[in-house]
1. State all residues of the range 272-312 that are surrounded by fewer than 19 Cβ atoms within 10 Å (Cβ to Cβ), within 23 Å of the chain's Cα centre (by Cα), not in a loop (DSSP other than H, G, I, E, B) and not basic (Lys, Arg); if no residue qualifies, say none.
2. Scan the range 313-346 residue by residue and report those that are of a type in the set (A, V, I, L, M, F, W, C), in a helix (DSSP H, G or I) and within 19 Å of PHE175 (Cβ to Cβ).
3. Restricting to the range 75-89, give me the number of residues that are over 24 Å from the mean Cα position of the chain (by Cα), of a type outside the set (D, E, K, R) and surrounded by 15 or more Cβ atoms within 10 Å (Cβ to Cβ).
4. Would you please name the residue that is farthest from SER144 (Cα to Cα), looking only at residues in the range 1-56 that are β-branched (Val, Ile, Thr) and within 19 Å of the chain's Cα centre (by Cα)?
5. Of the conditions (1) surrounded by 15 or more Cβ atoms within 10 Å (Cβ to Cβ); (2) farther than 30 Å from SER191 by Cβ, ARG72 satisfies every one except a single condition; which number is it?
6. Taking the range 13-39 on its own, how many of its residues are surrounded by fewer than 19 Cβ atoms within 10 Å (Cβ to Cβ) and within 19 Å of ALA79 (Cα to Cα)?
7. Within the range 90-129, track down each residue that is hydrophobic (A, V, I, L, M, F, W, C), under 19 Å from the mean Cα position of the chain (by Cα), farther than 19 Å from SER177 by Cβ and part of a loop (DSSP other than H, G, I, E, B).
Amino acid sequence: MFTTAWTASPQLPSEGFTPNWSREGFWRQSLRQVVRLTAGGERVRVRFSNAYGNSPVRVAAGAVAAGGSAVRLTFGGAAEGEMSARGELVSDVVQLAVVAGESVAVTLYFDTATGPATFHAQAFATSYRGAGCLLGGGDGFTESSESWYFLSAVETDSGRGDGIVLFGDSITDGFGSTAGADRRWSDALASRTGRPVLNAGIGGNLLLNDSAWYGERGVRRFGRDVVRLAGVDTVVVLLGLNDIGFSETDAQPTYKPAPVVSAREVIAGYRELIRQASELTVIGATLLPFGGSDHWGERAAKVSHEVNEWVRCSGEFDRVVDLNRVMADPDDSDRLHPAYDFGDHLHPNDQGYVVMAEAVSRRL
C-alpha cells in the first residue's frame, strides 16, 4: 500500500507577487527540487502534474535521491515519459529507502521546450535550474527559485492509511515561516503526531472563487488535492479568510476578483467540502484573528465572527479545533497574539505555527 508522503497543490502558471519560471518553462535544462517527506518506506514513486498545460510535456530523464543514494526514474519501463495536456505522469516504483522527516531531491531533464509550467507558487524552499542534463549532480545548477514545478506528490510504500491533509490558503502554505527551514504548521504537526501530514495550502486561495494568481477555488480543487491522495483519512479545513477579506483592500491588484460574500455563502462552501469528504474525518478550524491586517474591516469582522460561530456550534464537522481562540491576543480577541504574529497581523510566525499544530494534535 502506497502512502502520500509529500504533496504540493498545482497552480496555473502566473507571476503574481512571486517571481518564478512558470510562464517561461524549461528547455534543454535540468530542474532539481528538494522536498521533505512525512512517511518512510523502502520504495518510492513520484507524481508530476501538467494540470494547467495545453500541450504535452516530455520528460527526457529523471532521478530521485535520498541519503546519498540516487536512482533513475522510469516511466512504464522507459527512461523518458510524457505528461499529457492537462494530465499527469506517474513514475514507476523505484527502490529507495527513506525515513519520515528526510528530504529527497527530484531532478528532471527537459530536452524539448515545456511551454508554461504547472507549478506551486510559494514553496518556501529552494529549487534549482541549470543548462543541460545534470542528473549526475555537479555544479551546473546556476539559478534558483522558491517555487515547485510539475512536481505534485511523492509516495512511499509505508503502508500507512492515517495521513492528514491540511487544506487552506497562505497560512497553511507556510507564509511567515522561516524559508528553507520546514517550519510550516504542517511540518510541526508531522513532528508532533508521527503521522504523514500533507500540505494542500495555496497562498491567496479562495474557497468560493477562482483566481488568476491563487489557484482554483477550494470547492473545485478539493477532490484532486485532498480526496484522491493515497493513504489519507483526515482533513483539516482552514479556508475562507481571503473570501471574506480580499474585498476590504485595493492594495493588491492580485486580490481580484474579490466578490463580497456572506457568512451563508462561506458556510455553503464548507458544506460542499464536507459532502466531498464523506469517507474522511473532517476537522473544521475556526478562522484566525486578523484585526489590524489589510483584510480587516467592519464587514469582514461581522462575517468572520458569524462563520466561526457556525464552525464551533453547528455540529456539521466531525471535530472542531478553535484556532481563533488559541491564536488570539488576550487583550484583543480580534487580533493575533503578538508573540505569534509574523508582522502583518494576518500570518503566524514560526512560534504561532507550532501553537496551531499543538492545538490540532490535541484534537486528534
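1. Residues satisfying the conditions are GLU272, ILE274, GLN276, THR281.
2. Matches in the range 313-346: LEU323, VAL326, MET327, ALA339.
3. 2
4. My answer is THR3.
5. Here ARG72 meets the rest and fails (1).
6. 2
7. ALA100, ALA117
Results for (1) in contact with a Gly (Cβ under 8 Å, 6 or more places away or on another chain); (2) of a type in the set (Lys, Arg); (3) in contact (Cβ under 8 Å) with a residue 60 or more places away in the chain, shown as yes or no for each residue.
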site	(1), (2), (3)
ARG72	yes, yes, yes
GLY77	no, no, no
VAL90	no, no, no
VAL104	no, no, yes
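The values are calculated or read from the model by the stated rules, or taken from the named source; none is laboratory data. Worth saying up front: this structure is predicted, and the values here are computed from it rather than measured. Positions of Cβ are backbone-derived with ideal geometry, glycine not excepted, and every protein chain shown enters the neighbour counts.
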